[in-house]
1. Which numbered condition trips up E57, out of (1) free of Cβ contacts under 8 Å to residues at least 12 places away in the same chain; (2) more than 21 Å from L148 (Cβ to Cβ); (3) of a type in the set (D, E)?
2. Among all residue pairs at least 6 apart or on different chains, which show Cβ distances below 6 Å where the first residue, located in region 73-86, is under 15 Å from L13 (Cβ atoms) and the second is open to solvent by less than 60 Å² (accessible area, probe 1.4 Å) and basic (K, R)?
3. Where residues in region 45-77 are part of a helix (DSSP H, G or I) and of a type in the set (D, E, K, R), which of them is modelled with the lowest pLDDT?
4. So, in region 3-43, how many residues would count as being assigned to a strand (DSSP E or B), of a type in the set (D, E, K, R) and surrounded by fewer than 16 Cβ atoms within 10 Å (Cβ to Cβ)?
5. Take the residues of region 105-132 that are in contact with a Phe, Trp or Tyr (Cβ under 9 Å, 6 or more places away or on another chain) and in a loop (DSSP other than H, G, I, E, B): which is modelled with the highest pLDDT?
6. I need a count of the residues in region 138-163 that are charged (D, E, K, R) and either surrounded by 16 or more Cβ atoms within 10 Å (Cβ to Cβ) or modelled with pLDDT of 95 or more (or both).
7. May I ask you to verify whether T108 is touching a residue at least 40 places away in the same chain (Cβ under 8 Å) and surrounded by fewer than 18 Cβ atoms within 10 Å (Cβ to Cβ)?
8. Can you tell me which residue is surrounded by the most Cβ atoms within 10 Å (Cβ to Cβ) among those in region 78-102 that are modelled with pLDDT of 65 or more and among the small types (G, A, S)?
Amino acid sequence: MPMSKLSSSDLVLFLDFDGPLHPDAVFRTRHGMELRAPGQLFMHAPLLVEILKAFPEVKISLSTSWSRTLGFRRARACLPTELQTRTVSSTWHSRMPRWPLQGYDTATRFEQIGAAVRTAGLTRWVALDDDPLSSWPDTGPEREHLVLCDSVAGLAEPRIQQELTQKLQALR
């Protein structure tokens, strides 16, 4: 199944995995993706499922490095079924160059999401990210779209759950 294309009228959540859905301590090993911190992979995903129940129109676009590492389909398959069915795109896709220094690999997550936003003409979007590289601007209209969470606590923080809910409500 090919990735669905986003359209300008969509309400989109750009979703990072490491940080928001589990601690940002994941490594690819010969045995697969491995969390090297207390907890388990995708331990906060049920919280996102619950939040999004109130927003059935939200589509998810993966903004995680997992899409680049595993490919879109395999990265999407790591999510609970309720999130998989909403996941229609990724900021990275297999048609992009595989070699580094050709744009994607050197772009910040902010730049990757910005390119997806511009390409689709999106006006209603939110990014859930722990942004360890601080690539988002400190102020400005783009920053208003970011729900910045802690790299360890992620979506488990009630403050982050509330902020995400409020930003999604405001975009309806």
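1. It fails just one condition, (1).
2. So the pair list comes out as Q84/R76.
3. Out of the qualifying residues, it is R68.
4. Total meeting the criteria: 2.
5. T108
6. Result for region 138-163: 4.
7. Against the criterion (touching a residue at least 40 places away in the same chain (Cβ under 8 Å) and surrounded by fewer than 18 Cβ atoms within 10 Å (Cβ to Cβ)), T108 does not qualify.
8. By that ranking, first place goes to S90.
The values are calculated or read from the model by the stated rules, or taken from the named source; none is laboratory data. From a predicted model like this one, the values you see are computed outputs, not experimental measurements. Quick reminder, even Gly has a Cβ in these numbers, built from the backbone with ideal geometry, and neighbours come from all protein chains shown. Protein only, heavy atoms only, side chains kept; ligands, DNA and RNA dropped before computing areas. Shrake-Rupley method; radii C 1.70, N 1.55, O 1.52, S 1.80 Å.
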